[in-house]
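The values are calculated or read from the model by the stated rules, or taken from the named source; none is laboratory data. Everything numeric in this text was worked out from a predicted model, so none of it was measured. Ideal geometry is used to build each Cβ from the backbone, glycine not excepted, and the neighbour counts take in all protein chains shown. Note: areas computed on protein heavy atoms with side chains; ligands, DNA, RNA excluded. Shrake-Rupley method; radii C 1.70, N 1.55, O 1.52, S 1.80 Å.
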Amino acid sequence: MENAKLSGWQMFTLTFIFTVGTTFILLPGKLIADAKQYGWLVTIWAFLYGVILAAFWLYLAKHYPGRSLVQIAVQVLGKWAGGLVAFLYILYFIQIASWVTRNASDFMHINLMPRTPLSIFNIMVLLVCAYAVVKGIESIAMASELLTPYIFIAYWIPMTVMLTEWDWRNFDIPYHFQLWTTIANTNYTLAFPYMETVSFMMLFPFVQRRLKTAFILGIITTGIALTISVFFIIGILGVNRSSHLIYPIYIIFREMQFTGFVEHLEAIISVNILFIVFLKLSMLFYCAVLAICQLFELKNRAVVAYPLIWVISAYSLFFANIIENVEWVDKYLFIYYTLYAIVIPVVLIALTWLKLQRKKPLYKEGPAA
């Protein structure tokens, strides 16, 4: 395994960037369409759910210090069963990486360069990420550490300016809020992005200090930022309009005006999105490569990383268009992610408890008379 060291601040920025990822550009439109003006409430209980999951994974990792998720699975389940679980997680990381790649390609194809084939975007993005993976997680962490303040400022200052377009009447639409129905219809917000953060169990062994604080605070910060963003989108664009847009935040930046001269600031959000997507994809790519290297005891990451470009690129073309992608997320994502984020970790914890119980003495000897 790579002999890398991450600080608590680096872990926080990695968690923040990862969970922000493609969530800010893809989730709000679909969420507002399903939950109407109460979409911001959905993001609150979604990130609380994410915090509970984070504590759950940290509890599992505490029993196996210095070991990644793949190594924990092999240690608990044995060489063959653990190897199968590790292989499933490798596929899981590759699948998420391919979806992130496709999301980035769709965004650039729809908004920036509509005549460029998707495969060209895929290869361009993945080549850069593969190079970052070969350089190591410390390089990715330093990039996130450098870019996080810029991304934060370049996003929130323009969004605050757009509050001049705020209209409270956007929250007064005839929609009856039903708690359990809304939760059922928006369960994809629990999966995307919070259940994806189980990937960070591959990175836990690299963190030298304040792992728990950094990881949980990263998820909380993202949840608060996403809640405010959805609230702003509803207040600025309205429920009806934003629910029919694929990228409502991009539209807000495109229609933004500081003065009669400074307008069309969508380039800012486009650059932000590309930075965030590159970093999230690099982390997922790294997790997949690291898992393969640990499972098959390989030393050279480059041997794995560059061939994996073609696998991820090909898999990213599985969906015909972005509509199919959104429909799959709506219907199946939560169920699919449950296996990796909840079921397998629960099994690992249960088996860990059983092993600990077996090691305890059956009785305690009383004091000598």
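Kindly list, by first and then second residue, each pair from a residue in region 134-160 that is under 14 Å from residue 14 (Cα atoms) to a residue that is among the small types (Gly, Ala, Ser) and open to solvent by less than 60 Å² (accessible area, probe 1.4 Å), limited to pairs with Cβ atoms under 7 Å and residues at least 6 apart or on different chains.
136/4; 137/4; 138/4; 139/132; 140/132; 140/282
Could you please find all residues in region 150-178 being more than 17 Å from residue 243 (Cα to Cα), aliphatic (A, V, I, L, M) and over 25 Å from the mean Cα position of the chain (by Cα)?
161, 162, 163
Which one of these is more than 25 Å from residue 93 (Cα to Cα), modelled with pLDDT of 90 or more and surrounded by 14 or more Cβ atoms within 10 Å (Cβ to Cβ): 304, 289, 311, 239?
Criteria check complete, one pass: 239.
Restricting attention to region 203-216, which residues are more than 15 Å from the chain's Cα centre (by Cα) and in a helix (DSSP H, G or I)?
Answer for region 203-216, where residues must be more than 15 Å from the chain's Cα centre (by Cα) and in a helix (DSSP H, G or I): 204, 205, 206, 211, 212, 213, 214.
Any idea which of 331, 299, 360 is open to solvent by 80 Å² or more (accessible area, probe 1.4 Å) and modelled with pLDDT under 85?
Only one candidate passes the filter, namely 360.
Output yes when any residue across region 165-183 is in contact with an Asp or Glu (Cβ under 9 Å, 6 or more places away or on another chain), within 29 Å of residue 55 (Cα to Cα) and hydroxyl-bearing (Ser, Thr, Tyr), and no when none is.
yes
Quick check: is even one residue across region 121-140 among the polar types (S, T, N, Q), within 17 Å of the chain's Cα centre (by Cα) and modelled with pLDDT of 90 or more?
No, region 121-140 contains no residue that is among the polar types (S, T, N, Q), within 17 Å of the chain's Cα centre (by Cα) and modelled with pLDDT of 90 or more.
Just one of 228, 224, 219 is assigned to a helix (DSSP H, G or I) and surrounded by 20 or more Cβ atoms within 10 Å (Cβ to Cβ); which is it?
219
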